[in-house]
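The values are calculated or read from the model by the stated rules, or taken from the named source; none is laboratory data. Bear in mind the structure is a predicted one, so any value in this text is a computation, not a measurement. Every residue, glycine as well, gets a Cβ built from its backbone with ideal geometry; the counts of neighbours run over all protein chains shown.
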Amino acid sequence: MGFFKKNKTRRFSRGPDNLDAEQRNKNDQLKTSLAENMMYIKNTLGNSDDVQTRQFEIGKGLTIKCAVIYMKGLTDEAAIQDFVLKTLMTEVKNTDLEQKIVEGPQLFDVLKNLAVTISDIQDITDYQKLFEGLLLGNVIYLIDGQDKGMSFGVNKWDERQVSEPIAQSIVRGPQDAFNENILTNIALVRRRIKSPALWLEMKKIGKLTKTSVAVMYMKGIANDKTVEEVRQRLKRIDIDGVLEGGNIEELIRDGGKSPFPTVFNTERPDVIAAGLMEGRIAIFVDGTPFNLLVPALFVQFFQTPEDYYNRSYMGSLIRLLRYGAFFMALLAPSIYIALTTFHQEMIPTPLLLSLAAQREGVPFPAFVEAVLMEVTFEIIREAGLRMPRAIGPAVSIVGTLVIGTSAVDAGMVSAGMVIVVSITEIASFVFPNYEMGIAVRMIRFLFMALAASFGFFGISVGLIALVLHLCSLRSFGVPYMSPLAPFIPADQKDALFRLPKWKMSSRPRLINQENVEREQTPQPRPPQPNEN
Amino acid sequence: MKRSVISCALIIFCLMTMTGCWDRKELNELAIAMGIGIDKDGDQYVVTAQVVNPGEVAAQKGAAVGRAPVITFQAKDKTIYEAIRKITKESPRKIYSSHLRVLVIGEDLAREGIGRSLDLLSRNQELRTDFYVMIAKGMKASDVLNVTTSLEKIPSNKIFYALETSDKVYGPTYKETLDDLISTLVTHGKQPAITGVVLKGNEHEGAPMDNVAKTDPDARIKVDGIAIFKKDKLKGWLKEAASAGYVITTDQLSKGIMHVKCPKGGKAAVEIINAKTKIKTKVVNGQPEAFVYVRQEGNVGEVECHIDLTKPESITQLEKGIEKRNVELVKTSIKEVKRKYKIDSFGFGEAVHRSNPEYWKKAQKNWDKIFVHMPVHVKAEMKIRRVGTIGNSFIEEMKE
C-alpha cells in the first residue's frame, strides 16, 4: 500500500513551456514608449499574422503617436472603422489638443472622454489584461507616452443562430435552444424569468481557453449552501481548457466512478428556467449549447418539459412508460437469457415451443447470441452517428438487413433474440436525457453476464447492488434517489407521476429549503352561485 | 479500494455457492417432454416419453418439413429414474419434463399399485406437479402416447385440453393433478379416483402421420371413465352415469349439461352454471349417517317436449326434475361403489373425521366396512335462472 501512497502525493512539476510568457507578463506593466509596447506584443504573440496593428497620429499641431491592435476575425471591423479610427483620426485631428492639454496623464482621460464613441471601455495597465482583452476580440488602443491603454469591447464573431433543439426536441413547448454563445444563452433564460432575484456570477475557467463560466440561481429560492458548494467546486478546477460543459461536469460531479449522471445537462432554456425556479443552480459554459443544472436527481432524467405542458394524465402515463422502458432497456436481454438458459419452466408452454423452434440450429449459446447482437447494434448506432451524412442510408440498409433478416434466415441468431434486442435498443432511446441512456447501455452488458452465469439469481443480486449504488449517490448534497429514497411523501407529486398543477404547491423539499411555497392557484371550477 | 475488492470477491463467492438448483442448458439442448407414460413389464418399468419436435409445432414460416410433431422414446429399467435417463441412449437430448402436461399410467401397473412410481415425479425439482394423472383404460400407456392427433399437434396437449374443456363445459369428467392425487393417497377416509384415457379405433393405425391426414382418423384418444382405487391399487371403472354421480358428490362439477324428463313426455336439457355439493355426517347412537346436499343453478338449454316455459309452474317442474335426477345420479354412484368395490371413494370418512373426530378414531380402522352399511341421504336444490333467447319452443306451435 505504501507504494500507492507515495505515488499519490507526487506532483508533476511544470516543465519549461510556452506558458512561461504568460507567467512572465502577469506582472509586467505597460511601458511608456509605444514602440517598446508594440515590440513586446509582437514578441509575445510570435508575430502571428492575424494580429492587426495600425499606427497613426492624432491632433493638430502637436501630434501624438497612437496605435490600435486587434485580432482579425474576432473583432467587429466596421465598429473599429466607425467608432475608433474615424473619431480618433478625423475628429480629434480637428481638435486643438494643445489648448486642451499639454501632456501627461490628462491626455489619456481627455481622449477617453472626448474621442471614443464606444460604451464598453476598460483601462489597461499591465500586459496580462492587455492580452486577455486582445484575445477576447477587443481593440487595444495604445498612446505613445502613456503607460496605460484602453480596451474597447467590440468583439464579434460568427455564430450559430438560436435554432430548434437537436437532442431534446418536444412537440408542444418552446422550440428555441441554446447556441454556443454564453451571453445569448443567459439572455434566453433572462427573457423567461424577469425577476431581480435571478442572480448571475461569471468567471473564467481554463488556463489557456479562459472560457466564461456563469453560475445562475434564484436568490432566495436556491439553497445558499449549495450555491457556495458550486462556487467552491468551480474554484477548485485547474485545467488547460474547457471546450464543453462536460469538461466542467466531470470535474464537479459527485460519484466520480458511477456510470449514472449526477449533473443534468440540457439545451433547452425552458428546462433551465424551470430548474432555477425549483431552486436548482444553472452553470452556463461558453461555447456549448449544453448547459448544466445541479443538483440532479434520478427522477429528473425521466422528466421532459412536455410532461408539464400537457395535461397531467398524459404526463404521468408517459412518465410511467419511461420507467418501464428503463427496466426494459436494462433487463430485457438478461431476462431473456435467464429464461431460456436456466428457467425454461417459467416460460408458458406454447411460447417455449415457439422459442425452442427458433433456436433449432442456432450455433451459439443465448448469451453469445445476445452479446453479438447487442454489439452489432452498438456498432451500427455508433457508425450512424459518426459517418458522413451522405452515406447514412447505405449503412442503415446494410445494418437492418444484416440484423433483421439475413442473420435469422442464415440461422445465426434466433428471431426471438432479434425482437428482444430491438425492443431493448429502442427502449434505451426513450429517456429524455441521453446520459441516462448511456448509463443503462453500459450496465446492461453486466446484467447479461450475470444472467448468463447465474440466471435470475444473478439478476436479483445485480439489481440489489444497483439499488444500493443508486441510493449511495448524492448530487451536491441531495440524495440521488430522493424523493423515492429517502421517501418524501410531499414530493411524490412530481416523481413517478406528475400531479395536476394546482397540487404542486410546494417546491421540491431537499433542493429548496427556504422558500418552499410555490403557488396557490386553486383547482379550476365553474362559477359558484354565491360568488359574483 | 481494498474494501471494494473484498466486497466484489464476497459477492462472487456468494453467487457461486448459494445458487440452488440451477443448471445452464440451452433451449436446443432440451427434449421437451409433454407426456410421460409408465407401464410395467415383469419387474421393470417401461417409461415412454412423448417429446416435442419444436420445429414442427411452432407456427414458424417454412420451418415444418412434414415430420411428426412428436417423437416417443422408450426405455426399460428397474426404477423410473434409471429408465428416464436411459432414454438418452436413444435421444440426442436430455428429457426435460418441466412442461409435462399428462402422466399416463398403464392399467396393468395401476392394478399393481401406482404409489411407488409417483415418488420420483413429486421429488424431482424439474417437475411442476400440476400435470394431470390419467390411467390408460384397458391398455398400455405407450399405446395412448403413440397416437398422432390433429387440431392439437401434440397428443399430450390434446388430452390435456380435452380434459380441461370437457370439465369446463360438459361435466362428468374428473381431473386430478399429481399433488392432489398424492394428498388424497395419504388422506384417511377418502380413496383416490383417477380419470381414464382410452384409444378408440385401431391402435396400430394410430402412429403413422396418415392418421392426421384423415377427417375421421382411424385412431383417436378420448378421456373416458373414472378409475376407482383402493389405496394405490386400481379396483375398477365407473360407468358413465356413476361417474356423473361421482363428480357431483365430490363437488368436482363446475359446469355441465343435465337432461330431465318433461311432465308430458319428452326431454329437456339444462345447463348447470353453478354447482356446489356439501357432505355432512352425523353419528346417531354410535352409527354414522351421511347427508349429501347438492345445490345447483342453471339455464334451460334445450326443450324437446311440450311445456309452457312462460309459466312459473313449468320452471318449477323442470327444477324438480333436475333435483330428482341429481339425487338419482348420486345414489346410483354411491350404490355402485358400495356394492362393487366396498370402499369410500367419496370422502365420507373425511367428513366424519371432521365432524366427529372422537368417533373417527375408533371407526378409522374398518371404515370401509362401516361405509358400506352407512345410510346416505341425498337432497338436491336447483334453481333455473334463464330460459335462453326464446321463450316457448317452436315445437309448441308446430302442434297446431
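Okay, residues lined up against (1) hydroxyl-bearing (Ser, Thr, Tyr); (2) free of Cβ contacts under 8 Å to residues at least 40 places away in the same chain; (3) outside the structural domain of A:Ile318 (by TED's automatic domain parsing); (4) touching a His at 6+ places or on another chain (Cβ under 6 Å):
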residue	(1), (2), (3), (4)
A:Ile426	no, yes, no, no
A:Tyr434	yes, no, no, no
A:Arg444	no, no, no, no
A:Ala449	no, no, no, no
A:Gly458	no, no, no, no
A:Phe497	no, no, yes, no
A:Pro500	no, no, yes, no
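Within the group A:Arg389, A:Arg359, A:Arg381, which residue is in contact (Cβ under 8 Å) with a residue 12 or more places away in the chain, away from chain B (no Cβ under 14 Å) and on the phi < 0 side of the Ramachandran plot? Show your work before the answer.
Numbers: A:Arg389 fails: in contact (Cβ under 8 Å) with a residue 12 or more places away in the chain; A:Arg359 fails: away from chain B (no Cβ under 14 Å).
After ruling out the rest, the residue left standing is A:Arg381.
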Query raised in the report: Any idea which of (1) surrounded by fewer than 14 Cβ atoms within 10 Å (Cβ to Cβ); (2) more than 26 Å from A:Lys156 (Cβ to Cβ) is the one A:Lys72 doesn't satisfy?
Result: (2)
Query raised in the report: Mind checking whether some residue in segment A:313-325 is surrounded by fewer than 24 Cβ atoms within 10 Å (Cβ to Cβ) and in contact with a strand residue (DSSP E or B) (Cβ under 6 Å, 6 or more places away or on another chain)?
Result: no
Query raised in the report: Taking helices (runs of 4 or more DSSP H) that fall entirely within segment A:1-116, which contain at least 1 residues that are at pLDDT below 60?
Result: A:2-9, A:19-25, A:97-100
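Inspect all residues belonging to segment B:111-134 and state whether any of them is in contact with a Gly (Cβ under 7 Å, 6 or more places away or on another chain) and either buried (at least 22 other Cβ atoms within 10 Å of the Cβ) or among the aromatic types (Phe, Trp, Tyr) (or both).
Looking through segment B:111-134, at least one residue is in contact with a Gly (Cβ under 7 Å, 6 or more places away or on another chain) and either buried (at least 22 other Cβ atoms within 10 Å of the Cβ) or among the aromatic types (Phe, Trp, Tyr) (or both).
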Query raised in the report: Can you tell me which residue in segment A:451-500 is farthest from the other protein chains (Cβ to nearest Cβ), limited to those that are within 30 Å of A:Pro522 (Cα to Cα) and touching a Ser or Thr at 6+ places or on another chain (Cβ under 7 Å)?
Result: A:Pro500
Report task. Read through the list (1) out of contact with any Pro (no Cβ under 6 Å at 6 or more places or on another chain); (2) closer than 19 Å to B:His188 by Cβ, then give the number of the only condition that B:Leu318 fails. Result -> (2)
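Would you please name the residue that is nearest to A:Val230 (Cα to Cα), looking only at residues in segment A:438-485 that are in a helix (DSSP H, G or I) and basic (Lys, Arg)? Don't jump to the end; show me each part of the working.
Of segment A:438-485, the ones in a helix (DSSP H, G or I) are A:438-454, A:456-472.
Next cut, basic (Lys, Arg) only: A:441, A:444.
On the way: A:Arg441: 29, A:Arg444: 32 Å.
Selected residue: A:Arg441.
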Query raised in the report: Within segment A:380-394, is there a residue that is surrounded by 14 or more Cβ atoms within 10 Å (Cβ to Cβ), in contact with a helix residue (DSSP H, G or I) (Cβ under 6 Å, 6 or more places away or on another chain) and of a type in the set (Lys, Arg)?
Result: no
Query raised in the report: Looking at (1) assigned to a loop (DSSP other than H, G, I, E, B); (2) not assigned by TED's automatic domain parsing to the domain that holds A:Leu111, can you tell me which one A:Gly145 breaks?
Result: (2)
Query raised in the report: Give me the pairs: first residue in segment A:148-164 and without any contact (Cβ under 8 Å) to a residue 60 or more places away in the chain, second residue aromatic (Phe, Trp, Tyr) and in a strand (DSSP E or B), beta-carbon distance under 9 Å, and six or more apart or on different chains, which are they?
Result: A:Met150/A:Tyr141; A:Ser151/A:Tyr141
Query raised in the report: Among the strands (runs of 3 or more DSSP E) contained in segment B:36-147, which hold 3 or more residues that are touching a Phe, Trp or Tyr at 6+ places or on another chain (Cβ under 8 Å)?
Result: B:44-52
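Quick one: would you say B:Ser333 is touching a residue at least 60 places away in the same chain (Cβ under 8 Å), touching a Phe, Trp or Tyr at 6+ places or on another chain (Cβ under 8 Å) and not assigned by TED's automatic domain parsing to the domain that holds B:Leu181? Show your work before the answer.
Values: touching a residue at least 60 places away in the same chain (Cβ under 8 Å): yes; touching a Phe, Trp or Tyr at 6+ places or on another chain (Cβ under 8 Å): yes; not assigned by TED's automatic domain parsing to the domain that holds B:Leu181: yes.
Yes, satisfied.
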Query - Test set (1) closer than 30 Å to B:Ala33 by Cβ; (2) touching a strand residue (DSSP E or B) at 6+ places or on another chain (Cβ under 9 Å); (3) away from chain B (no Cβ under 14 Å) - A:Leu352 fails condition number - result: (3)
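Residues checked against (1) among the aliphatic types (A, V, I, L, M); (2) within 14 Å of another protein chain (Cβ to nearest Cβ); (3) closer than 25 Å to A:Met481 by Cα:
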position	(1), (2), (3)
A:Arg280	no, no, yes
A:Asn291	no, no, yes
A:Ala296	yes, no, yes
A:Thr304	no, no, yes
A:Ala325	yes, no, yes
A:Thr340	no, yes, no
